[in-house]
Amino acid sequence: MATLRQQLFRVKPVPRDGGESGSQLKRSIGLFQLTLIGVGGTIGTGIFFILSEAVPIAGPAVIWSFLIAGLVAGLAVLCYAELAGSVPVSGSSYSYAYSTLGEMPAMGVAACLLLEYGVSTAAVAVGWSQYVNQLFNNVFGFRLPDAFSFAPEEGGIINLPAIILIALCALLLIRGTAHSAVTNTVMVIIKVVVLIFFAAVGFTGWNADHFANFAPFGLAGVMTGAGVIFFSFVGLDAVATAGDEAKDPRRNLPIALIAALITVTGVYVLVAIAALGAQASGEFEGQSAGLSAILENIVGASWPGTVVAAGAVISIFSVTLVTLYGQTRILFAMSRDGMAPKVFQKVNPRTMTPVANTVIVSIVVAILAGLIPINFLAEMTSIGTLAAFLVVSIAVIVLRRREPDLERKFKVPGYPVVPILSIIGCLWIIKDLRPITIIVFVIWTALVLVWYFFTGRKNSVLGQQQAALEVSR
């Protein structure tokens, strides 16, 4: 019988057939759609409204905050790319940790991912609500009452538009992955065009004086801003959650991850520079639907703001769709391993999607979106993402040492410097997050590990397989 230590750190074999054996999910997502899952799950998560949170912290030096957050994300994405080509299954860094570090560490990563995707879905849904109100005001001349547009802590009763958005995304995901991927592709193209439009108009209002006091809060402000902005890079790793539904995953997953990173970082820097050149940093704080407001002030008319607001409504819809998808696929992988209740792995034979899983996740996320303010949601998402990126970087090193002959379609350049720098970068940003964020994160992770110790450890499919093998001997 396996000892407690052997149970906690048992490692799941790396799949050798290009994916998880026995998966009921259909391989229907090609390279272009995989790339747009990464872009779609990221652009809109932050850039449409995170400036109002980050600029008051960092000033115009928020541009450096974006670059630092992007650099750390980039280092981690290179590590993701290697693991995605080596362990091409659903579950993202949870599955990678399970195949490298062991079962208990994998559950710690699962806690990070559940926080990252669940909370980010809620957060972007809250941001969507702001732009819906802006669009309604510009087109129809009215706004939804504050009571139904804000969380209780922000002076409302419930954020109804956020809940409606999550319900719509859930319905689309239930219909099937192929339908969702096509819808996401269309939405991503629209959002990129809208953001380029914003930058083009924004540069017509350029004022170099807005950059005069570039870093009013020093390096500390820049780093704290990077911690908040890191929320804007959530979604890149959503590509890795599609391992069981991607065509030729060993080749396409690494390419899609890197292509999405380049696209996202370029768009973010372009929009941030245009926004800061058009509006003084002191005017960002508390600004709802900020990009729309900036264009309205430049042009002196509502139509450019209406275009951006409409683009944001479409854009953030696609982010919510991707992050909700990622959450359900992580739970699917956990359930298949015995780490979560079996209901999360049940696949509808007609749509080939985990319907019950999607419904349960959507209800929980809708409650968060309806009742919790966005600033707290954004930081909780950042720490979950950073912790997951940290583990992936460690996993690359472990898998290189343990299985040097494993087929790798992509290898991290500059190994082992890149994964080590990724680890340091993640820790550097985490230390500058607010203490309450770190405390809540630790409590949440502890609760998930308690669940594992008393339930998941006993229901582990890998553990049952190993026990059966011992008996047969």
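The values are calculated or read from the model by the stated rules, or taken from the named source; none is laboratory data. Being a predicted model, the structure only gives us computed values, none of them experimental. Here Cβ is always computed from backbone atoms with ideal geometry, including for glycine, and neighbour counts include all displayed protein chains.
Number of residues in segment 240-255 that are in a helix (DSSP H, G or I) and touching a strand residue (DSSP E or B) at 6+ places or on another chain (Cβ under 8 Å): the value is 3.
Looking at this structure, is Arg350 assigned to a helix (DSSP H, G or I), charged (D, E, K, R) and under 30 Å from Ser93 (Cα atoms)? No. The residues listed here are Val109, Val72; of these, the one that is in contact with a helix residue (DSSP H, G or I) (Cβ under 8 Å, 6 or more places away or on another chain), of a type in the set (Val, Ile, Thr), on the phi < 0 side of the Ramachandran plot and modelled with pLDDT under 85 is Val72.
If only one of Asn159, Asn184 is in contact with a helix residue (DSSP H, G or I) (Cβ under 6 Å, 6 or more places away or on another chain) and within 17 Å of Ala310 (Cα to Cα), which one is it? When all the criteria are applied, what remains is Asn184. Return the pair list, or none, for Cβ contacts closer than 6 Å from residues in segment 98-118 that are of a type outside the set (D, E, K, R) to residues that are crowded, with 24+ Cβ neighbours inside 10 Å and not in a helix (DSSP H, G or I), at least 6 apart or on different chains. Every condition considered, the pairs that remain are Ser99/Val87.
Each row is one residue, and each column tells you yes or no for (1) crowded, with 19+ Cβ neighbours inside 10 Å; (2) outside any helix (DSSP H, G or I).
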position: Ile189; (1), (2): no, no
position: Thr204; (1), (2): no, no
position: Phe214; (1), (2): no, yes
position: Gly227; (1), (2): yes, no
position: Phe230; (1), (2): yes, no
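Evaluate the following for Tyr452: is it in contact with a helix residue (DSSP H, G or I) (Cβ under 9 Å, 6 or more places away or on another chain), over 25 Å from Met334 (Cβ atoms) and among the aromatic types (Phe, Trp, Tyr)? Taking the combined requirement at face value, the residue does not satisfy it. Being crowded, with 17+ Cβ neighbours inside 10 Å, assigned to a loop (DSSP other than H, G, I, E, B) and aliphatic (A, V, I, L, M) is the requirement here; does Leu390 meet it? No: the conditions fail for Leu390.
Residues that are assigned to a helix (DSSP H, G or I) and among the charged types (D, E, K, R) were ranked within segment 138-158; the one that is modelled with the highest pLDDT is Asp146. Scanning segment 204-219 turns up at least one residue that is within 27 Å of the chain's Cα centre (by Cα), within 27 Å of Ala274 (Cβ to Cβ) and at pLDDT 75 or above. Scanning segment 412-439 for residues that are over 21 Å from the mean Cα position of the chain (by Cα), assigned to a loop (DSSP other than H, G, I, E, B), in contact (Cβ under 8 Å) with a residue 24 or more places away in the chain and surrounded by 15 or more Cβ atoms within 10 Å (Cβ to Cβ) turns up just one, Val412.
Whether a residue is in a helix (DSSP H, G or I), modelled with pLDDT of 85 or more and among the hydrophobic types (A, V, I, L, M, F, W, C) was assessed, and Ala200 passes this test.
Each row is one residue, and each column tells you yes or no for (1) assigned to a helix (DSSP H, G or I); (2) more than 21 Å from Ile424 (Cα to Cα).
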position	(1), (2)
Thr42	no, yes
Ile47	no, yes
Val55	yes, yes
Gly70	yes, no
Val77	yes, no
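Are any of the residues in segment 139-149 over 25 Å from Asn357 (Cβ atoms), in contact with a helix residue (DSSP H, G or I) (Cβ under 8 Å, 6 or more places away or on another chain) and buried (at least 23 other Cβ atoms within 10 Å of the Cβ)? Yes, that holds for at least one residue.
Yes/no matrix, rows are residues, columns are (1) of a type in the set (Val, Ile, Thr); (2) free of Cβ contacts under 8 Å to residues at least 60 places away in the same chain; (3) out of contact with any Lys or Arg (no Cβ under 8 Å at 6 or more places or on another chain); (4) not in a helix (DSSP H, G or I):
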| site | (1), (2), (3), (4) |
| --- | --- |
| Ile273 | yes, no, yes, no |
| Gly277 | no, no, yes, no |
| Ser292 | no, no, yes, no |
| Ile298 | yes, no, yes, no |
| Val313 | yes, no, yes, no |
| Val322 | yes, no, yes, no |
| Leu331 | no, no, yes, no |
| Ser335 | no, yes, no, no |
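Of all residues in segment 159-192, those satisfying the criterion of being without any contact (Cβ under 8 Å) to a residue 60 or more places away in the chain and closer than 23 Å to Asn133 by Cβ are Pro161, Ile164, Leu171. Looking only at segment 122-130, decide whether some residue is in a helix (DSSP H, G or I) and closer than 29 Å to Ser460 by Cβ. Among the residues of segment 122-130, not one is in a helix (DSSP H, G or I) and closer than 29 Å to Ser460 by Cβ, which makes the answer no.
Select from segment 71-101 the residues that are surrounded by fewer than 24 Cβ atoms within 10 Å (Cβ to Cβ) and small (Gly, Ala, Ser) and write down the one among them that is farthest from Pro404 (Cα to Cα). Among them, the one singled out is Gly74.
Does segment 452-469 contain any residue that is assigned to a helix (DSSP H, G or I), more than 18 Å from the chain's Cα centre (by Cα), among the β-branched types (Val, Ile, Thr) and under 28 Å from Gln7 (Cβ atoms)? Yes, some residue in segment 452-469 is assigned to a helix (DSSP H, G or I), more than 18 Å from the chain's Cα centre (by Cα), among the β-branched types (Val, Ile, Thr) and under 28 Å from Gln7 (Cβ atoms). Against the numbered list (1) closer than 30 Å to Gly225 by Cα; (2) surrounded by fewer than 20 Cβ atoms within 10 Å (Cβ to Cβ), Glu403 comes up short only at (1).
Residues in segment 342-354 that are surrounded by fewer than 17 Cβ atoms within 10 Å (Cβ to Cβ) and either within 21 Å of the chain's Cα centre (by Cα) or not β-branched (Val, Ile, Thr) (or both): Lys342, Lys346, Asn348, Pro349, Arg350, Met352.
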